[in-house]
Every structure is written in structure tokens, then in C-alpha cells.
Amino acid sequence: MARKGADVVSKWWGLLALGALAVGVIAVVVAMNWPAETRSNRLRRPEDAQLLVLGQKVYAAQCAACHGPRLEGQPNWRERGADGRLPAPPHDASGHTWHHPDEELFRITKHGVAKAANLKNYESAMPAYEDRLSDEEIVAVLSWIKSTWPPEIRARVDRINAEASR
Ligand code: HEC
């Protein structure tokens, strides 16, 4: 009789331990995913269809002339031209736009490369858009650019954003 009682108790503890383990696993999973979704570094909203309509318009009007109508960039974009300036890089997955966290892309677009990178005398052909585009329009165009990337690249961007927010 006493033995049976002990069995029941140990079964109980077993279940309790299992429950605690499950809660622990859920907590870890949530902790891993939650920050990437909520931290301020997630400025872009590629799932916001209305924003993407605006973003595509802004891209065509303001960015396509240099970065290309299909986001392909200018030819030989890795080599500086005779004026010492870099050509416009692609914004598709073959470029390095997706290597930068949201905050950095926002600063480059709003303030230009020199100011964004804190390089005082850096000469760049990339304009600063602070007087031409609102913050929301900048977020819109960057969101649209992100929306064109394949899912695996977007997932990597989310990890880069999470890292940058630490
Ligand atoms: C007059 C040409 C021109 C226009 C128009 C232009 N860009 Fe650029 N952009 C450049 C050049 C050139 C670079 C490379 C700058 C450098 O590194 O010196 C660049 C770089 C960038 C980068 C950094 C990319 C990276 O991988 O480091 C971003 C982001 C960017 N542009 C966004 C935009 C957006 C958004 C628009 C439209 C709102 C835009 N650009 C319009 C020429 C242009």
C-alpha cells in the first residue's frame, strides 16, 4: 500500500518536472523570437501592403534612376569611377543592402553615406533625402525593397536586426 502511494507521488513529480521543462522550452523559444519582432531596429514593415504601394512609388520616382528599375544597380558597382566615387550598388539580393540593419539603411537614406557612417570628407553620389522624403516615405521605400527579397534573405535580415539591437 505504502509502495503504491510512493509510486503515485513520484509520478506526480515526474509530470511536474515535465511541465517545468515545457515551460522552460517555450520561454527560450519566445525569448529568441520576441525581441526581433519588437525592438526599435525593426523599422521596415514589408508585410504592410499599403505601405508597399507607397514604397514602390517612391522607389520609381527617387531611386530607380541610379539603383536601377529592377534594383540591379549600376554596372561595375564595386569599382570607383574616375571621380573617385562609387557607382550605385544594387538593392536586390546580389548587393549588400541586406547586410545592413534597418536603422543604418534609414540613416544612409535620410542623411547620406558620409553622415550616416560618420566619415566627414567621404565623397558619395548617394543623395541625402531629409529635405525630400518624410520618415514614413523612407521607411516605405526601404520596406518595399525588403519585400522584393527571397524569404531566406529576409530571415537573415531579421537576425541582423536582432543582433544590432543587442
Ligand atoms: C544620384 C544617384 C542615386 C540616387 C538617386 C539614389 N542613390 Fe542610393 N546610392 C547611390 C550611390 C552612388 C551609392 C553608393 C554610395 C557610396 O558607398 O559611396 C548609394 C548607396 C545607397 C545605400 C547603401 C547601400 C549599401 O549597401 O551600403 C542605400 C541604402 C541607398 N543608396 C538607398 C537609396 C534610396 C532608398 C534611394 C531613393 C530614395 C536612393 N538610394 C537614391 C546613388 C544614388
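The values are calculated or read from the model by the stated rules, or taken from the named source; none is laboratory data. Because the structure is a prediction, the values reported are computed rather than measured. Virtual Cβ from ideal backbone geometry, glycine too; neighbours counted across all protein chains shown.
Looking only at helices (runs of 4 or more DSSP H) that fall completely inside the range 64-132, which ones have 3 or more residues that are surrounded by 18 or more Cβ atoms within 10 Å (Cβ to Cβ)?
The qualifying helices (runs of 4 or more DSSP H) are 102-111.
Return yes when Glu163 is more than 8 Å from the ligand (Cβ to nearest atom), in a helix (DSSP H, G or I) and modelled with pLDDT under 95 and no when it is not.
Yes; evaluated as a whole, the condition is true for this residue.
Checking the condition surrounded by fewer than 18 Cβ atoms within 10 Å (Cβ to Cβ), outside any loop (DSSP other than H, G, I, E, B) and either within 17 Å of the chain's Cα centre (by Cα) or within 12 Å of the ligand (Cβ to nearest atom) (or both), which residue from Ile138, Ile153 passes?
Ile153
Quick one: which residue in Ala93, Ala60, Ala49, Ala82 is out of contact with any helix residue (DSSP H, G or I) (no Cβ under 9 Å at 6 or more places or on another chain), closer than 25 Å to Asp158 by Cα and more than 9 Å from the ligand (Cβ to nearest atom)?
Ala49
Out of the residues in the range 28-56 that are part of a helix (DSSP H, G or I) and modelled with pLDDT of 95 or more, state the one that is surrounded by the most Cβ atoms within 10 Å (Cβ to Cβ).
First pass over the range 28-56, keeping only residues part of a helix (DSSP H, G or I): 28-38, 49-56.
Subsequent filtering for residues that are modelled with pLDDT of 95 or more retains 49-56.
Details: Ala49: 9, Gln50: 9, Leu51: 20, Leu52: 20, Val53: 12, Leu54: 17, Gly55: 28, Gln56: 18.
Taking the candidates together, the pick is Gly55.
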